[in-house]
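Below is one structure; the comments refer to it alone.
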Amino acid sequence: MRIRTVALAAAAVPFAVAAAAVVLEAGHWRLYAERHRIELKPQPRRSCPDCRGAGGWWVDGANPEMEACGCWSNRPELRIRLLPVPAWPDEPPF
Ligand SMILES: [Zn+2]
């Protein structure tokens, strides 16, 4: 089931790259695509019993910090580099 979702996201990449940057959310994955890179990041599961889709929780203490939930932080992140990032911006300012 998860593999099919990834394949679906990968199929959308050629269309995504045509735009400046595209973010797609498919199932438990988030696809970010632009000319320079494609990233496929795991997302928290809404059915997760620990975080209920929030992706983590705050840990109390002297320095409160966000604890990442294992439902997404334990899954691999896919990053593909496309064009090299130029030393200066080559896009006209908006
Ligand atoms: Zn979770």
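We did not get these values from a lab; they are worked out from the coordinates using the rules stated. Just so you know, these numbers come straight off a predicted model, no measurement behind them. We place every Cβ from the backbone using ideal geometry, glycine too, and count neighbours over all the protein chains shown.
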When L78, L31, L83 are arranged by how many other beta-carbons sit within 10 Å of their Cβ, fewest first, they go L83, L78, L31
What is the gain in length, in nm to one decimal, between E77 and C48 on full extension, counting 0.36 nm per residue of separation less the C-alpha to C-alpha distance? 8.6 nm
For A26, other-chain or 5+-apart residues with amide H closer than 5 Å (H placed, Pro excluded) are L31
Sorted by Cβ density within 10 Å, fewest first, the residues S47, S73: S47, S73
Assuming R0 = 41 Å, can you tell me the calculated FRET efficiency for the pair H36 and E65, based on Cβ-Cβ distance, to the nearest 0.05? 0.85
